[in-house]
Amino acid sequence: MRSRSPLVPEEDGTLYHGTSSTYVGKLLAGGGQMLFPSYWGTERIAEYYAEVTAEEDGSEPVVIAVSRAEFKSRYFQPDHKSIAEPLCCVLEAKEPALYQEWTKSKGTWRDSLSIYESVVYAATVHITAEHLPEP
């Protein structure tokens, strides 16, 4: 079994969401309520999704950073999309090894975060300018 990624935040760490400047503009203009489900994880996973999203809409990548303290643990769920199609190039691991580790785990959101570096949050997250990178 792989050791726990040092990139996975501890209870008092930060979770990241990758998006684009177009989406962030709409999000803030709409009051900052990120509806659910939303996907959160390590910074490197968020950076990947920010690049993809920005490329799709022709804007700039943005990584939103939110302290784990702002989330309620009961709303976290495993990221089954990442389990089905892991970002092996980002995780620097092969899919069979990741899946083997997943099947040996308890299948919790914490396992999803530890193995795939991603979770689903099934509640609204309030985003402010403080959660965004410096311009």
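The values are calculated or read from the model by the stated rules, or taken from the named source; none is laboratory data. Keep in mind it's a predicted model, so treat the numbers as computed, not measured. Glycine gets a Cβ as well: all are built from the backbone with ideal geometry, and neighbour counts include every protein chain shown.
A few notes on this one:
- Meets criteria (surrounded by 13 or more Cβ atoms within 10 Å (Cβ to Cβ) and either touching a Lys or Arg at 6+ places or on another chain (Cβ under 7 Å) or at pLDDT 95 or above (or both)) for THR53: yes
- Those residues of segment 37-56 which are more than 13 Å from the chain's Cα centre (by Cα), in contact (Cβ under 8 Å) with a residue 24 or more places away in the chain and over 22 Å from GLU134 (Cβ atoms), in sequence order: VAL52, GLU56
- Scan segment 81-108 for residues that are assigned to a helix (DSSP H, G or I) and either over 21 Å from THR19 (Cβ atoms) or in contact with a Lys or Arg (Cβ under 9 Å, 6 or more places away or on another chain) (or both) and the total you get is 15.
- Taking the listed residues ALA123, ALA129, the one that is of a type in the set (Gly, Ala, Ser) and at pLDDT below 95 is ALA129, with no other qualifying.
- Given (1) at pLDDT 95 or above; (2) closer than 28 Å to GLU134 by Cβ, index of the condition GLY25 fails: (1)
- Positions within segment 87-115 being within 20 Å of ARG44 (Cβ to Cβ) and among the polar types (S, T, N, Q), in sequence order: SER112, SER114
- Of the residues contained in segment 62-80, one or more are found to be closer than 17 Å to THR14 by Cβ, modelled with pLDDT under 95, in contact with an Asp or Glu (Cβ under 7 Å, 6 or more places away or on another chain) and outside any strand (DSSP E or B).
- Segment 106-135, residues that are within 16 Å of SER38 (Cβ to Cβ) and exposed (fewer than 13 other Cβ atoms within 10 Å of the Cβ): HIS126, THR128
- Among the residues of segment 115-135, the one identified as over 16 Å from HIS17 (Cα atoms) and either part of a helix (DSSP H, G or I) or of a type in the set (Val, Ile, Thr) (or both) is ILE115.
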